[in-house]
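First up is the structure itself, then whatever we jot down about it.
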Amino acid sequence: MNKKVIIAIASVFVILAGVLAVGVMKNRGATHDMEEDVAAFYKGQVVTWIIPYAPGGGYDEYARLLSPFLEKYTGARFDIENSPGAGGMKGVNELFSSPKNGLVVGMINGSALVTSEIAGVKGANYKLDQFGYLGRIVADPRVLVMSKAAGFNTFEDIMNSPTPVKIGATGLGGSTYVDAVIAKEAFHMNVEIIHGFDSSSVIRQEMLRGNIKGTWGSYGSAEEGIDGGAEVVMLQSGKTRLPALQDVPAVFEYADKTPDPAKTLEVLNAWDALIACGRSVAVPPGTPVNRLKFLQEAFNKAMHDPDLIAIGKRTGRLFDYASGDEIHKITTDSTNMKPDIKEIFIKAINGQL
């Protein structure tokens, strides 16, 4: 090979190396610009936050507590849009089909939506594993509360009632409905479940009127009625008692008092896994990854903001953060029930129990 050819080949390699180096620098710059552009994109924007329940309930209150902190860390304004109906499914369906531009988020009731999806409930037009999750606000420990005027002092009083006890719930598939039916099945309770209410606040109005004796719900939603003396907690979910409810028995304490303790434990363990899904915040499937990551980081910062934590302590609101990746795994894992246990949940949701 002569000297001119060698020089020509060498020149080509030098040119190629230069082109590659410029390309790498451009890509780095593009990545950097993309990261900067996400923050710039959200600054001054309006983000619609869909809450699948009516104003005044626990979901609505959590959203209003958290919104200023999400605004702080995104630079956007968060406008709450209440979309109640079908036990929370209406709002979640709306979120699932919303524009995939990062300007719509929604709070979802993980436990109820998992059970509705596995049961194939009519109207469940979403796929939980396709959402992009910002994270979880709270794991949502559940409590059975009764109107003080109903005259029940202990859970045993309810179990031994000679007449069916009227328990209020939201729509088929809603968490208050699932809780009521699963507890009824696990403990063979003599209750009549009245469902179709728009929110927990509406149920509590009926409790005050005496039309409903009690309801299942999150401890956070029940606190106001408990503190005001209108409601009494009879039972709580979980294997151990919450620090604030040390005098109230947990569901697992009653497992050995049922006709089939082993089966009851299986049902309670599946229920416990669903409760861990809690109240999560998500974006529609297909939302750009860089915008999802930005919102996840903002959500993480908001949930750990000292001022929000102080508000939670002052108001008695529980916070139990899980990251977006963690809640995606918790939600998908909770569907892995044994077939016979899954069948119980399916029948419960479909109103067959």
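The values are calculated or read from the model by the stated rules, or taken from the named source; none is laboratory data. Note that the coordinates shown come from a computational prediction; the quantities given were computed from them, not determined experimentally. Every residue, glycine among them, receives a Cβ derived from its backbone with ideal geometry; neighbour counts consider all protein chains shown.
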Lone unmet requirement of (1) part of a helix (DSSP H, G or I); (2) under 14 Å from the mean Cα position of the chain (by Cα); (3) under 18 Å from Ser218 (Cβ atoms) for Met107: (1)
Number of the exception - Gly228 against (1) within 24 Å of Leu65 (Cβ to Cβ); (2) under 25 Å from the mean Cα position of the chain (by Cα): (2)
Meets criteria (surrounded by fewer than 20 Cβ atoms within 10 Å (Cβ to Cβ) and part of a helix (DSSP H, G or I)) for Pro55: no
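In the list Lys100, Lys72, which residue meets the criterion of being modelled with pLDDT of 95 or more and in a helix (DSSP H, G or I)?
Details: Lys100 fails: in a helix (DSSP H, G or I).
The match here is Lys72.
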Gln296, sole failed condition from (1) more than 17 Å from the chain's Cα centre (by Cα); (2) modelled with pLDDT of 95 or more: (1)
Options Ser218, Ser161, Ser237: the member that is on the phi < 0 side of the Ramachandran plot and at pLDDT below 85: Ser218
Those residues of region 122-156 which are part of a helix (DSSP H, G or I) and either in contact (Cβ under 8 Å) with a residue 12 or more places away in the chain or surrounded by 23 or more Cβ atoms within 10 Å (Cβ to Cβ) (or both), in sequence order: Leu128, Asp129, Gln130, Lys148, Ala149, Ala150, Phe155
Asp272 being buried (at least 17 other Cβ atoms within 10 Å of the Cβ), charged (D, E, K, R) and under 22 Å from the mean Cα position of the chain (by Cα): yes
Among residues of region 73-100, those that are surrounded by fewer than 15 Cβ atoms within 10 Å (Cβ to Cβ) and in contact (Cβ under 8 Å) with a residue 40 or more places away in the chain, counted: 2
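This table checks each residue for (1) more than 20 Å from the chain's Cα centre (by Cα); (2) farther than 23 Å from Asn350 by Cβ; (3) of a type in the set (Gly, Ala, Ser).
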| residue | (1), (2), (3) |
| --- | --- |
| Asn153 | yes, yes, no |
| Asn160 | yes, yes, no |
| Ile167 | yes, no, no |
| Gly174 | no, no, yes |
| Tyr177 | no, no, no |
| Asn211 | yes, yes, no |
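Report yes if Thr163 is over 17 Å from Val233 (Cβ atoms) and crowded, with 24+ Cβ neighbours inside 10 Å, otherwise no. Steps first, please.
Numbers: over 17 Å from Val233 (Cβ atoms): yes; crowded, with 24+ Cβ neighbours inside 10 Å: no.
When the stated conditions are applied, Thr163 does not pass them.
Yes/no per residue for (1) of a type outside the set (S, T, N, Q); (2) touching a helix residue (DSSP H, G or I) at 6+ places or on another chain (Cβ under 9 Å); (3) in the same structural domain as Val181 (by TED's automatic domain parsing):
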{"residue": "Ala230", "(1), (2), (3)": "yes, yes, yes"}
{"residue": "Val233", "(1), (2), (3)": "yes, yes, yes"}
{"residue": "Ser237", "(1), (2), (3)": "no, yes, yes"}
{"residue": "Pro243", "(1), (2), (3)": "yes, no, yes"}
{"residue": "Pro249", "(1), (2), (3)": "yes, yes, yes"}
{"residue": "Asp256", "(1), (2), (3)": "yes, yes, yes"}
{"residue": "Asp260", "(1), (2), (3)": "yes, no, yes"}
{"residue": "Glu266", "(1), (2), (3)": "yes, yes, yes"}
{"residue": "Asn269", "(1), (2), (3)": "no, yes, yes"}
Extreme residue, farthest from Ser334 (Cα to Cα), among residues of region 280-291 that are touching a Gly at 6+ places or on another chain (Cβ under 7 Å) and surrounded by 21 or more Cβ atoms within 10 Å (Cβ to Cβ): Thr287
Filtered residues of region 327-353 (kept if under 18 Å from Arg279 (Cα atoms) and surrounded by 15 or more Cβ atoms within 10 Å (Cβ to Cβ)): Ile327, His328, Ile330, Thr331, Ser334, Thr335
Checking Ala186 against (1) within 27 Å of the chain's Cα centre (by Cα); (2) at pLDDT 90 or above; (3) more than 29 Å from Tyr62 (Cα to Cα), the condition it does not meet: (2)
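Can you list the helices (runs of 4 or more DSSP H) lying wholly within region 157-237 that have 2 or more residues being small (Gly, Ala, Ser) and closer than 21 Å to Val248 by Cα?
Working: elements: 175-187, 200-209, 219-227.
Per the criteria, 175-187, 219-227.
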Filter result (of a type in the set (Ser, Thr, Tyr) and more than 14 Å from the chain's Cα centre (by Cα)) within region 56-104: Ser67, Tyr73, Thr74, Ser83, Ser97, Ser98
Residue within region 250-261 that is free of Cβ contacts under 8 Å to residues at least 24 places away in the same chain, surrounded by fewer than 16 Cβ atoms within 10 Å (Cβ to Cβ) and among the aliphatic types (A, V, I, L, M) present: no
